[in-house]
1. For an R0 of 25 angstrom, estimate the FRET efficiency from the Cβ-Cβ distance between residue 119 and residue 189 and round to the nearest 0.05.
2. In whole Å, what are the Cα extents of the range 1-106 along the three principal axes, biggest one first?
3. Just to be sure I understand: with springs between alpha-carbon atoms less than 10 Å apart, which residue in 176, 196, 50 has the highest mean-square fluctuation in the Gaussian network model of the chain?
4. Which FRET efficiency value, to the nearest 0.05, is calculated for residue 171 and residue 63 with the Förster distance at 35 angstrom and r the Cβ-Cβ distance?
5. Using the alpha-carbon centroid of each, what span in Å lies between the range 155-199 and the range 3-73?
6. Which FRET efficiency value, to the nearest 0.05, is calculated for residue 31 and residue 98 with the Förster distance at 41 angstrom and r the Cβ-Cβ distance?
7. Quick check on the chain: of the DSSP beta bridges with both residues there, what percent are antiparallel, nearest 5%?
8. Please quote Rg/Rh for the chain to two decimal places, taking the Kirkwood radius as Rh and restricting both calculations to Cα atoms.
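Nothing in this text is a laboratory measurement; each read-out follows from the coordinates by a stated rule. Just so it is clear, the structure is predicted and the values come from calculations on it, not from any experiment. A quick note on method: Cβ atoms are made from the backbone with ideal geometry, for glycine too, and the neighbour counts reach across all protein chains shown.
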Ligand code: ADP
Ligand code: ADP
């Protein structure tokens, strides 16, 4: 059963004569627990598509549907916080004045979860990401890789139905990129959360993708396993 469906999703920026359509009616179905990597040249609409799923951009036409055991719902008009998603960006956007623990707990506090439940979720995420000894530090006392792990921890504790990654590794050096790639793979193996991961890096796509979406000029050109996609002439 598809956990996430895109139906005729269109995005136009601007109005009237200056309007520019950048996503032209995308249809796709993503299965529960799938790791999907979206690739394509710069400016083809990858990030826009992801941001529409997140609710950070309005869609101009079409439908985005989330489906789980409770049923299905069209999320077009829902705010990001009302969608069952968590997003990891390339600039981790951690709160500089908060500890690692508070960075991970903050969203859950806002959502009104009780303290014990917050503690349980943050401890579990910290264990998975090997952040247990760093919980009292501030972001400036962390390496780039550790910061990226905190950003992932903040996403994990929400226990979302869908993870969205917008080029999360592109600010890391080659060694850290390789490490973090493997961490993301391990996380997905452990948690099995449906994931959409945008990148322009072929190695990332090959390492992470169960299926790849190849975009070009606002359209999906191909969807398939990495082997199938790279086997195309
Ligand atoms: P990608 O992520 O594949 O590099 P984007 O989704 O960022 O591509 O951009 C797709 C197209 O939409 C590009 O032509 C870009 O210039 C345009 N675009 C992106 N954001 C905006 C915006 N806020 N306003 C106007 N045009 C935008
Ligand atoms: P809250 O987010 O306020 O804790 P729920 O997550 O239980 O509440 O969802 C509120 C309503 O939306 C319920 O009627 C639930 O069945 C429905 N709902 C929540 N998530 C989904 C989903 N992914 N697909 C379909 N229906 C959902």
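1. Working: r = 25 Å, r/R0 = 1.01.
Efficiency for this residue pair is about 0.50.
2. Reported extents, whole Å, longest axis first: 47, 37, 26.
3. Largest GNM mean-square fluctuation: 176.
4. Numbers: r = 33 Å, r/R0 = 0.95.
According to the calculation, E is roughly 0.55.
5. Using only Cα atoms, the two centres lie 19 Å from each other.
6. Numbers: r = 36 Å, r/R0 = 0.88.
Step by step, r from the Cβ atoms, then E = 0.70.
7. Working: 23 of 40 bridges.
Of all bridge pairs located within the chain, approximately 60 percent are antiparallel.
8. On the way: Rg = 17.8 Å, Rh = 18.4 Å.
Result: Rg/Rh = 0.97.
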